[in-house]
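The values are calculated or read from the model by the stated rules, or taken from the named source; none is laboratory data. Remember, predicted model here, so these are calculated numbers, not experimental data. Reconstructed Cβ throughout: ideal geometry from the backbone, glycine too, with neighbour counts over all protein chains shown.
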Amino acid sequence: MSETVPVKEGSAVTQATLVKKAAPKSDYKPADVSPQRRVQRSFAVRLWSIRHSRLLEWFYSRFADAFLLLHPLWKGIGYGRVEAPIKFVEKRVKGFMFDCRMCGQCILSSTGMSCPMNCPKQLRNGPCGGVRANGNCEVEPDMPCVWVKAWEGSQNMVNSDKILTVQKPVDQSLRETSAWLRVTAQAAAASEAAAKPGTAA
Ligand code: SF4
(Lines give C-alpha, C1' and ligand atoms only; values in the text may rest on other atoms or scores of the structure.)
Protein backbone atom coordinates (compact mmCIF):
# COMPACT_ATOMS: atom_id res chain seq x y z
CA MET A 1 0.00 0.00 0.00
CA SER A 2 1.37 3.45 -0.85
CA GLU A 3 1.83 5.65 2.18
CA THR A 4 0.79 9.28 1.60
CA VAL A 5 3.24 11.90 2.72
CA PRO A 6 2.20 15.54 3.16
CA VAL A 7 4.57 17.77 1.25
CA LYS A 8 3.11 21.17 1.70
CA GLU A 9 -0.16 22.44 2.91
CA GLY A 10 -3.06 21.44 0.71
CA SER A 11 -1.17 18.78 -1.31
CA ALA A 12 0.13 15.25 -0.74
CA VAL A 13 2.25 12.82 -2.76
CA THR A 14 2.55 9.09 -2.44
CA GLN A 15 5.68 7.30 -1.29
CA ALA A 16 5.94 5.81 -4.80
CA THR A 17 6.13 9.29 -6.33
CA LEU A 18 8.86 10.31 -3.91
CA VAL A 19 10.90 7.21 -4.74
CA LYS A 20 10.46 7.90 -8.47
CA LYS A 21 11.55 11.51 -8.07
CA ALA A 22 14.59 10.46 -6.02
CA ALA A 23 15.76 8.01 -8.71
CA PRO A 24 18.94 9.09 -10.52
CA LYS A 25 18.20 10.85 -13.82
CA SER A 26 19.66 9.61 -17.09
CA ASP A 27 18.99 9.92 -20.80
CA TYR A 28 18.06 6.26 -21.06
CA LYS A 29 14.34 5.62 -21.30
CA PRO A 30 13.19 2.01 -21.63
CA ALA A 31 11.17 1.46 -24.80
CA ASP A 32 8.27 -0.02 -22.91
CA VAL A 33 7.83 0.24 -19.20
CA SER A 34 4.29 -1.06 -18.99
CA PRO A 35 4.26 -4.64 -17.64
CA GLN A 36 0.88 -5.14 -19.28
CA ARG A 37 2.20 -4.09 -22.70
CA ARG A 38 5.25 -6.30 -22.24
CA VAL A 39 2.96 -9.24 -21.63
CA GLN A 40 0.83 -8.35 -24.61
CA ARG A 41 3.94 -8.19 -26.77
CA SER A 42 4.83 -11.73 -25.74
CA PHE A 43 1.26 -12.73 -26.55
CA ALA A 44 1.84 -11.19 -29.98
CA VAL A 45 4.65 -13.62 -30.85
CA ARG A 46 2.75 -16.52 -29.32
CA LEU A 47 -0.33 -15.61 -31.34
CA TRP A 48 1.74 -15.26 -34.52
CA SER A 49 3.00 -18.82 -34.01
CA ILE A 50 -0.56 -20.07 -33.60
CA ARG A 51 -1.71 -18.23 -36.73
CA HIS A 52 1.16 -19.86 -38.64
CA SER A 53 0.67 -23.29 -37.10
CA ARG A 54 0.56 -25.06 -40.45
CA LEU A 55 3.90 -23.60 -41.52
CA LEU A 56 5.43 -24.45 -38.15
CA GLU A 57 3.97 -27.96 -38.29
CA TRP A 58 5.72 -28.45 -41.64
CA PHE A 59 8.95 -26.97 -40.33
CA TYR A 60 8.90 -29.00 -37.10
CA SER A 61 8.40 -32.21 -39.02
CA ARG A 62 11.53 -31.52 -41.11
CA PHE A 63 13.41 -30.36 -38.06
CA ALA A 64 12.57 -33.58 -36.20
CA ASP A 65 13.73 -35.63 -39.21
CA ALA A 66 17.03 -33.71 -39.29
CA PHE A 67 17.50 -34.23 -35.57
CA LEU A 68 16.84 -37.93 -35.99
CA LEU A 69 19.41 -38.13 -38.80
CA LEU A 70 21.91 -36.73 -36.30
CA HIS A 71 21.14 -39.49 -33.79
CA PRO A 72 24.52 -41.21 -34.40
CA LEU A 73 26.21 -37.91 -33.55
CA TRP A 74 24.17 -37.38 -30.37
CA LYS A 75 24.78 -41.00 -29.42
CA GLY A 76 28.52 -40.74 -30.15
CA ILE A 77 28.94 -37.62 -28.04
CA GLY A 78 26.49 -38.89 -25.46
CA TYR A 79 22.92 -37.65 -25.04
CA GLY A 80 23.78 -36.60 -21.49
CA ARG A 81 26.61 -34.38 -22.72
CA VAL A 82 24.66 -32.62 -25.48
CA GLU A 83 21.67 -32.02 -23.23
CA ALA A 84 22.93 -28.71 -21.78
CA PRO A 85 23.74 -26.91 -25.08
CA ILE A 86 20.64 -28.23 -26.86
CA LYS A 87 18.46 -27.26 -23.92
CA PHE A 88 20.03 -23.79 -23.94
CA VAL A 89 18.98 -23.28 -27.57
CA GLU A 90 15.59 -24.99 -27.21
CA LYS A 91 14.66 -22.89 -24.21
CA ARG A 92 15.44 -19.62 -25.98
CA VAL A 93 13.91 -20.47 -29.35
CA LYS A 94 10.71 -21.97 -27.93
CA GLY A 95 10.57 -19.38 -25.20
CA PHE A 96 10.51 -16.65 -27.83
CA MET A 97 8.13 -18.39 -30.22
CA PHE A 98 5.70 -20.07 -27.83
CA ASP A 99 6.42 -18.73 -24.32
CA CYS A 100 7.61 -22.28 -23.63
CA ARG A 101 7.92 -23.29 -19.96
CA MET A 102 10.26 -26.24 -20.66
CA CYS A 103 7.94 -28.95 -19.41
CA GLY A 104 10.15 -31.42 -21.29
CA GLN A 105 7.23 -33.25 -22.92
CA CYS A 106 6.21 -31.03 -25.77
CA ILE A 107 2.75 -31.39 -27.27
CA LEU A 108 2.74 -28.29 -29.49
CA SER A 109 2.02 -30.40 -32.56
CA SER A 110 -1.21 -31.56 -30.87
CA THR A 111 -2.26 -28.16 -29.58
CA GLY A 112 -2.13 -25.94 -32.64
CA MET A 113 1.28 -24.58 -31.56
CA SER A 114 -0.32 -23.08 -28.44
CA CYS A 115 1.69 -24.10 -25.38
CA PRO A 116 -0.69 -25.55 -22.77
CA MET A 117 1.74 -24.72 -19.97
CA ASN A 118 0.75 -21.07 -20.38
CA CYS A 119 -2.69 -21.96 -19.08
CA PRO A 120 -2.70 -20.67 -15.47
CA LYS A 121 -4.24 -24.00 -14.46
CA GLN A 122 -1.67 -25.84 -16.61
CA LEU A 123 -4.37 -28.02 -18.10
CA ARG A 124 -3.04 -30.56 -20.60
CA ASN A 125 -6.59 -31.24 -21.77
CA GLY A 126 -8.64 -28.10 -22.03
CA PRO A 127 -10.28 -25.74 -21.99
CA CYS A 128 -11.75 -25.51 -18.50
CA GLY A 129 -15.26 -24.19 -17.97
CA GLY A 130 -14.09 -20.66 -17.27
CA VAL A 131 -13.42 -19.26 -20.72
CA ARG A 132 -14.85 -15.74 -20.94
CA ALA A 133 -17.36 -14.75 -23.59
CA ASN A 134 -14.59 -12.92 -25.47
CA GLY A 135 -12.43 -16.07 -25.54
CA ASN A 136 -10.06 -14.87 -22.82
CA CYS A 137 -8.90 -16.66 -19.69
CA GLU A 138 -10.92 -16.38 -16.48
CA VAL A 139 -7.75 -16.16 -14.37
CA GLU A 140 -5.88 -13.69 -16.60
CA PRO A 141 -8.61 -11.61 -18.24
CA ASP A 142 -6.21 -9.95 -20.71
CA MET A 143 -4.84 -13.23 -22.02
CA PRO A 144 -6.54 -15.19 -24.79
CA CYS A 145 -7.38 -18.68 -23.49
CA VAL A 146 -4.54 -20.94 -24.63
CA TRP A 147 -7.01 -23.73 -25.32
CA VAL A 148 -9.29 -21.58 -27.46
CA LYS A 149 -6.17 -20.63 -29.41
CA ALA A 150 -5.07 -24.27 -29.47
CA TRP A 151 -8.32 -25.21 -31.18
CA GLU A 152 -7.97 -22.37 -33.72
CA GLY A 153 -4.33 -23.27 -34.42
CA SER A 154 -5.04 -26.97 -34.74
CA GLN A 155 -7.73 -26.32 -37.35
CA ASN A 156 -5.06 -24.87 -39.66
CA MET A 157 -2.85 -27.92 -39.36
CA VAL A 158 -2.64 -31.03 -41.51
CA ASN A 159 -3.00 -33.22 -38.41
CA SER A 160 -5.91 -31.21 -37.05
CA ASP A 161 -7.36 -34.23 -35.20
CA LYS A 162 -4.38 -34.58 -32.89
CA ILE A 163 -5.95 -32.07 -30.54
CA LEU A 164 -8.57 -34.73 -29.73
CA THR A 165 -5.92 -37.03 -28.25
CA VAL A 166 -6.22 -37.19 -24.47
CA GLN A 167 -2.90 -36.07 -23.00
CA LYS A 168 -1.24 -37.64 -19.99
CA PRO A 169 -0.66 -35.50 -16.89
CA VAL A 170 2.64 -33.60 -16.86
CA ASP A 171 5.54 -35.64 -15.56
CA GLN A 172 7.17 -33.04 -13.33
CA SER A 173 10.44 -34.98 -13.25
CA LEU A 174 10.97 -34.03 -16.91
CA ARG A 175 10.84 -30.28 -16.32
CA GLU A 176 13.80 -28.30 -17.65
CA THR A 177 14.88 -31.13 -19.92
CA SER A 178 15.09 -31.12 -23.71
CA ALA A 179 11.95 -32.36 -25.45
CA TRP A 180 13.84 -32.28 -28.77
CA LEU A 181 16.39 -34.81 -27.56
CA ARG A 182 13.83 -37.01 -25.84
CA VAL A 183 11.67 -37.27 -28.95
CA THR A 184 14.76 -38.00 -31.07
CA ALA A 185 16.05 -40.72 -28.74
CA GLN A 186 12.60 -42.32 -28.57
CA ALA A 187 12.19 -42.24 -32.36
CA ALA A 188 15.67 -43.72 -32.84
CA ALA A 189 14.95 -46.51 -30.33
CA ALA A 190 11.65 -47.28 -32.08
CA SER A 191 13.25 -47.45 -35.54
CA GLU A 192 16.12 -49.61 -34.22
CA ALA A 193 13.62 -51.97 -32.60
CA ALA A 194 11.58 -52.15 -35.83
CA ALA A 195 14.75 -52.91 -37.84
CA LYS A 196 15.69 -55.90 -35.67
CA PRO A 197 14.95 -59.25 -37.36
CA GLY A 198 11.75 -60.86 -36.13
CA THR A 199 10.28 -57.59 -34.82
CA ALA A 200 8.78 -56.31 -38.07
CA ALA A 201 4.95 -56.10 -38.06
S1 SF4 B 1 4.41 -28.08 -24.24
FE2 SF4 B 1 6.17 -28.05 -22.83
S3 SF4 B 1 8.02 -28.17 -24.11
FE4 SF4 B 1 6.26 -27.67 -25.46
S5 SF4 B 1 6.27 -25.44 -25.63
FE6 SF4 B 1 4.93 -25.94 -23.88
S7 SF4 B 1 6.24 -25.97 -22.03
FE8 SF4 B 1 7.56 -25.99 -23.85
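Tell me the residue from 112, 104 that is under 13 Å from the mean Cα position of the chain (by Cα), in a loop (DSSP other than H, G, I, E, B), at pLDDT 95 or above and more than 9 Å from the ligand (Cβ to nearest atom), please.
After applying the criteria, what remains is 112.
Look at residue 95 and say whether it is surrounded by fewer than 17 Cβ atoms within 10 Å (Cβ to Cβ), within 13 Å of the chain's Cα centre (by Cα) and within 13 Å of the ligand (Cβ to nearest atom). Show your work before the answer.
Numbers: surrounded by fewer than 17 Cβ atoms within 10 Å (Cβ to Cβ): yes; within 13 Å of the chain's Cα centre (by Cα): yes; within 13 Å of the ligand (Cβ to nearest atom): yes.
So residue 95 passes the test.
Of all residues in region 126-135, how many are surrounded by 16 or more Cβ atoms within 10 Å (Cβ to Cβ) and either farther than 17 Å from residue 50 by Cα or modelled with pLDDT of 95 or more (or both)?
The number of residues fulfilling the criteria is 2.
Answer with yes or no whether residue 100 is surrounded by 20 or more Cβ atoms within 10 Å (Cβ to Cβ) and without any contact (Cβ under 8 Å) to a residue 40 or more places away in the chain.
yes
Working carefully through the options 148, 139, 158, find the one that is β-branched (Val, Ile, Thr), modelled with pLDDT of 95 or more, more than 13 Å from the ligand (Cβ to nearest atom) and over 16 Å from the mean Cα position of the chain (by Cα). Reasoning before the result, please.
On the way: 148 fails: over 16 Å from the mean Cα position of the chain (by Cα); 139 fails: modelled with pLDDT of 95 or more.
Unique residue meeting the criteria: 158.
Could you say whether any residue in region 16-25 is touching a Ser or Thr at 6+ places or on another chain (Cβ under 6 Å) and modelled with pLDDT under 95?
The answer is yes, given that some residue of region 16-25 is touching a Ser or Thr at 6+ places or on another chain (Cβ under 6 Å) and modelled with pLDDT under 95.
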